[in-house]
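Single-structure report; data block below.
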Amino acid sequence: MLLQFYSNENFPIVMVNLLRAAGHDVLTSYEAGQANQRIPDNQVLRYATSIHRILITENRQDFINLHGVTLDHPGIIIFKSDRDYIGKIKAMSDFLTIDSQPLEDRLLRIKKQNMKAIGPTFGVQEYFRN
C-alpha cells in the first residue's frame, strides 16, 4: 500500500528517503515552506489534513494529545526517536501490510520493545479516543 505522508520538521530525512525509496509520496515541512516558523502542532496537523496527507513525526506526546481532541484527520504515525531507521520503517510497513483499514482518524505509534528471546524490536501500538 503506497501512501502520501507529510513529515514535520523534526522527522529524520533518512526516514523520508527510506519511505520514498519504498514508493511512498512524502512531502516535508521544508519542501512545503512550513519549516523554521515555530508553527504550533495543531496547525501542523491542520495543514496535513488540508492537503490530505498522513502526518509522520517523532514528536509523540503532543500529537497523542491532539489526536484525542481532533476529529477528521488523515492519520498520524508517531515514531520513537531511534537511529534504527530501517527497523522503524519495516515495522510500520509490516503493520500496514497486515492491517487493511484506512488510516483516517487513527494514530499509530511505532515503538521499540525489548524481547528477551530476540532482543530489541519495533512494534505498533494504536491509540484510541476515549
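The values are calculated or read from the model by the stated rules, or taken from the named source; none is laboratory data. Owing to the predicted nature of the structure, the values given are computational and were not obtained by experimental measurement. Don't worry about glycine lacking a Cβ; one is built from the backbone with ideal geometry, like all the others, and counts go over all protein chains shown. These accessible areas exclude ligands, DNA and RNA; they are computed on the full protein's heavy atoms, side chains included. Shrake-Rupley method; radii C 1.70, N 1.55, O 1.52, S 1.80 Å.
Rounded to 0.05, the FRET efficiency of the Lys116 and Glu9 pair, given R0 = 41 Å and the Cβ-Cβ distance, is 0.65. Computed with every protein chain present, the accessible area of Lys90 is close to 110 Å² [probe 1.4 Å]. Computed over protein heavy atoms with a 1.4 Å probe, the carbon and sulfur contribution to the accessible area of region 29-122 reaches 49%. Rolling a 1.4 Å probe over the protein heavy atoms gives region 21-65 an accessible area of 54 Å² per residue. With the charge dipole of the chain set up from +1 on Lys and Arg Cβ and -1 on Asp and Glu Cβ about the Cα centre, the Cα lying farthest toward the positive end among the listed residues Ile51, Leu19, Leu103 is that of Leu19. Under 18 Å from a label point set 7 Å out along the Cα-to-Cβ vector of Arg129, the amide N atoms of region 66-94 belong to 66-78. Surface calculation, 1.4 Å probe, protein heavy atoms: Tyr30 sits at approximately 130 Å² accessible. When Ile86, Ile76, Ile51 are compared by accessible area of protein heavy atoms, the largest-first order is Ile86, Ile51, Ile76, using a 1.4 Å probe. Rounded to the nearest 20, the Cβ-based charge dipole of region 1-94 about its Cα centre (Lys and Arg +1, Asp and Glu -1) stands at 80 debye.
Over what distance in Å are the Cα centres of region 1-29 and region 91-108 separated? Between the Cα centres of region 1-29 and region 91-108 lies a distance of 15 Å.
Taking all protein chains together and rolling a 1.4 Å probe, Val26 ends up with roughly 10 Å² accessible.
Is region 62-130 best put as rounded, prolate or oblate by its Cα gyration tensor, with a ≥ b ≥ c the root eigenvalues, rounded for a/c under 1.5, and otherwise prolate when a/b is larger than b/c, oblate when not? In terms of gyration-tensor shape, prolate. Subtracting the Cα-Cα distance of Asn17 and Leu96 from their residue separation scaled by 0.36 nm leaves 26.6 nm. Note down the net charge around Asn10, summing +1 for each Lys or Arg and -1 for each Asp or Glu among other residues with Cβ under 11 Å from its Cβ. Net of charged neighbours comes to -3. Rounded to the nearest 20, the Cβ-based charge dipole of region 59-130 about its Cα centre (Lys and Arg +1, Asp and Glu -1) stands at 420 debye.
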